[in-house]
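Worksheet: one structure, shown below.
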């Protein structure tokens, strides 16, 4: 859960390399459907200002546009006037949120691959596990995902990659990214520390008028006390940044929004100590107050979330039917429950699900994209439930195949899926098309 070359010969080689690079840049970058500006800005190069072209663009092939597999840098400074560029994008919709992951790394920026080399996870039943492969993936040709990113196996700290991501989000009219977050010095089991990437994301998001919320992961030792400390840290370090997302409530307060992943791992009584007014470690009516959204998994969690003092709930999983919360058929009743109890309901929609490159035994949870229809069905269900705000699972969770980020065809082995017959930006376009359906004030 890459990229890394004596005298007369050098001159010829340098010239040839330069010509080849120009051809690559002009031919390889995927363009979005319906005349939306390209995520890499090739259509905007006539404007003036500094910005880098993202790393690891797909390289042309005799049959398909394929991602680079040679670890060599493919970066070129270009000129771009961002203010002029933004006029060509749809306005950001701050009722459309997307979960965003910054745990990826490659040798150029991080000294090694991170997450792209994800281990193949064994089944918990040894008899079942014996029937499936083990080991780790070996980037750049073999990555821990069923799709291949248009940017190649990138680093989340690469400013050009972050910029390309913000472009893609603006193309999709996404107004808020919910960044996966661990406290300083902590990380997920496969990654490394990532809190220091947050300032890069905030700065880039602000350039594109996108806001940043925090998706707080189940870090070691998470309880009411460490949660208070974590929220305090976030607000004091990032709260004054113009890209820090605050939602204006009916009381006139502008409060940050926090998604709390696997919130059920902390007891109802512990959450109440943090989220109930006048409780021992209450965060309410302090400088660190916020809008806290719990993860709804089982039906019984509705009552628990209410009793814990949360402000609302979200469903996260992109697999329809996987949990009570992620099942579209339940969303109308969940919305009614939330309305009756003064809670916010934020259904999570996804383009599909497949994680068999890291969990080869998990094919039963695969949800085919059906050429975009699966995603549109989820979006339609969120609209029909009456939700004014929606969360997208995900912008770039490649391991689970829920990404809407641009993906490109890639020849194997191993074999990769792609968005055919649509273009690499198809899911950005679907998101943009549906964004207007989520509007108005949140009932909070």
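The values are calculated or read from the model by the stated rules, or taken from the named source; none is laboratory data. On a predicted model such as this, the values are computed, not experimentally measured, just so you know. Here the Cβ is made from the backbone with ideal geometry for all residues, glycine too, and neighbour counts use every protein chain on show.
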- Item | Qualifying positions in region 271-302 - under 15 Å from residue 334 (Cα atoms) and touching a helix residue (DSSP H, G or I) at 6+ places or on another chain (Cβ under 9 Å) | 293, 294, 295, 296, 297, 298, 299, 301, 302
- Determine if region 144-162 includes at least one residue that is touching a helix residue (DSSP H, G or I) at 6+ places or on another chain (Cβ under 8 Å), in a loop (DSSP other than H, G, I, E, B) and surrounded by fewer than 24 Cβ atoms within 10 Å (Cβ to Cβ). yes
- Is it fair to say residue 185 is at pLDDT below 95 and more than 20 Å from residue 399 (Cα to Cα)? yes
- Could we say that residue 427 is over 19 Å from the mean Cα position of the chain (by Cα) and within 24 Å of residue 101 (Cα to Cα) here? no
- Task: Please state which of the following conditions residue 254 fails to meet, knowing it meets all the rest: (1) touching a strand residue (DSSP E or B) at 6+ places or on another chain (Cβ under 6 Å); (2) farther than 30 Å from residue 207 by Cα; (3) surrounded by fewer than 19 Cβ atoms within 10 Å (Cβ to Cβ).
- Result: (2)
- Which of the residues belonging to region 164-200 are in a helix (DSSP H, G or I) and surrounded by fewer than 17 Cβ atoms within 10 Å (Cβ to Cβ)? 196, 199
- Message: Can you tell me which condition residue 231 does not meet? The list is (1) over 18 Å from residue 289 (Cβ atoms); (2) not in a loop (DSSP other than H, G, I, E, B), and all the others hold.
- Response: (1)
- Taking residue 437 as the residue in question, decide whether it is buried (at least 19 other Cβ atoms within 10 Å of the Cβ) and part of a loop (DSSP other than H, G, I, E, B). no
- Note on the structure: Out of (1) closer than 27 Å to residue 266 by Cα; (2) in a loop (DSSP other than H, G, I, E, B), the one residue 404 does not meet is (1)
